[in-house]
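Note sheet for the following structure.
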Amino acid sequence: MKIILSLALVIAAACHTSAFSMSMNSPEVSSRRGFIGSSAAAVVAAATLQAPQVASAAPTIYKLDCGIKYAVTKETDKKNYPQQGDIVAIEYTGYLTSGQIFDGTHSEGKSNALLFKLGSSAVIAGINEMVLEMKVGQKVQAIIPPELAFGEKGICLEDGECLVKAGSTLVYDIFLKKSSIPPP
């Protein structure tokens, strides 16, 4: 409705007539070609006068007591949280702060989940802490401080080349696919 009203007002202004009595008899619009040209210009002007689109709000950044900062990138309706000792399945991608990917559960054409016992040493402490805060079906992006990642050791080869340098803060996209109680 606002666009139609704006269009009518712009056409009227372009033709110097009232909004509902536009005529080809005005001196400025003396031919059909002039009328169509003025109308087309008015339509383009009206289209550009639309209200600006409201940008979506930035995600909320949360901070855990352990120092992990995270944002929820995909919410879920599910209400179940995993507990310490549960078997969980996650998909993740690990990034250096430069944006370079250093690890992930998937490669092109494949989709593999990592299964592990929550609280075990199968993953870095930061992933354990983050998954404890997630709901099944939720996806987060987490910034994990060095002390909850690879610390002062990093991940280095024997020749000294490092995939993850000592003291590196890491960024993980984590998707919690499943959580289940371990068998007795």
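The values are calculated or read from the model by the stated rules, or taken from the named source; none is laboratory data. Values in this document were obtained by computation on a predicted structure and should not be read as measured data. So basically every Cβ, Gly included, is an ideal-geometry build from the backbone, and we count neighbours across all protein chains shown. The area values use the complete protein model at the heavy-atom level, side chains included, leaving out ligands, DNA and RNA. Shrake-Rupley method; radii C 1.70, N 1.55, O 1.52, S 1.80 Å.
Inside the range 157-184, can you point out the residues that are touching a Leu at 6+ places or on another chain (Cβ under 8 Å), of a type in the set (Val, Ile, Thr) and in a loop (DSSP other than H, G, I, E, B)? Hits for the range 157-184: nothing passes. Taken over the range 106-156, the residue count meeting the criterion of being assigned to a strand (DSSP E or B), open to solvent by less than 60 Å² (accessible area, probe 1.4 Å) and within 21 Å of residue 73 (Cα to Cα) is 4.
Determine, yes or no, whether residue 126 is touching a Phe, Trp or Tyr at 6+ places or on another chain (Cβ under 7 Å) and of a type in the set (Gly, Ala, Ser). In short, no. Under the condition of being in contact with a helix residue (DSSP H, G or I) (Cβ under 7 Å, 6 or more places away or on another chain) and modelled with pLDDT under 60, the residues counted in the range 41-76 number 7.
Is it the case that residue 103 is free of Cβ contacts under 8 Å to residues at least 60 places away in the same chain, acidic (Asp, Glu) and either open to solvent by less than 20 Å² (accessible area, probe 1.4 Å) or closer than 30 Å to residue 80 by Cα (or both)?
Values: free of Cβ contacts under 8 Å to residues at least 60 places away in the same chain: yes; acidic (Asp, Glu): yes; either open to solvent by less than 20 Å² (accessible area, probe 1.4 Å) or closer than 30 Å to residue 80 by Cα (or both): yes.
Yes.
Taking the criterion of being of a type outside the set (Gly, Ala, Ser) and without any contact (Cβ under 8 Å) to a residue 24 or more places away in the chain, the residues of the range 64-100 that qualify are 65, 100.
The residues of the range 84-100 that are out of contact with any helix residue (DSSP H, G or I) (no Cβ under 8 Å at 6 or more places or on another chain) and either within 22 Å of residue 179 (Cβ to Cβ) or surrounded by 12 or more Cβ atoms within 10 Å (Cβ to Cβ) (or both), listed by number, are 85, 86, 87, 89, 91, 93, 94, 95, 96.
I'd like the residue in the range 165-181 that is in contact (Cβ under 8 Å) with a residue 24 or more places away in the chain and either more than 12 Å from residue 92 (Cα to Cα) or of a type in the set (Ser, Thr, Tyr) (or both) and, out of all such residues, is surrounded by the most Cβ atoms within 10 Å (Cβ to Cβ). Please lay out each step first, then the result.
Of the range 165-181, the ones in contact (Cβ under 8 Å) with a residue 24 or more places away in the chain are 168-181.
Within this subset, residues satisfying the condition of being either more than 12 Å from residue 92 (Cα to Cα) or of a type in the set (Ser, Thr, Tyr) (or both) are 168-170, 172, 178-181.
On the way: 168: 21, 169: 16, 170: 22, 172: 24, 178: 14, 179: 21, 180: 12, 181: 10.
Here the residue is 172.
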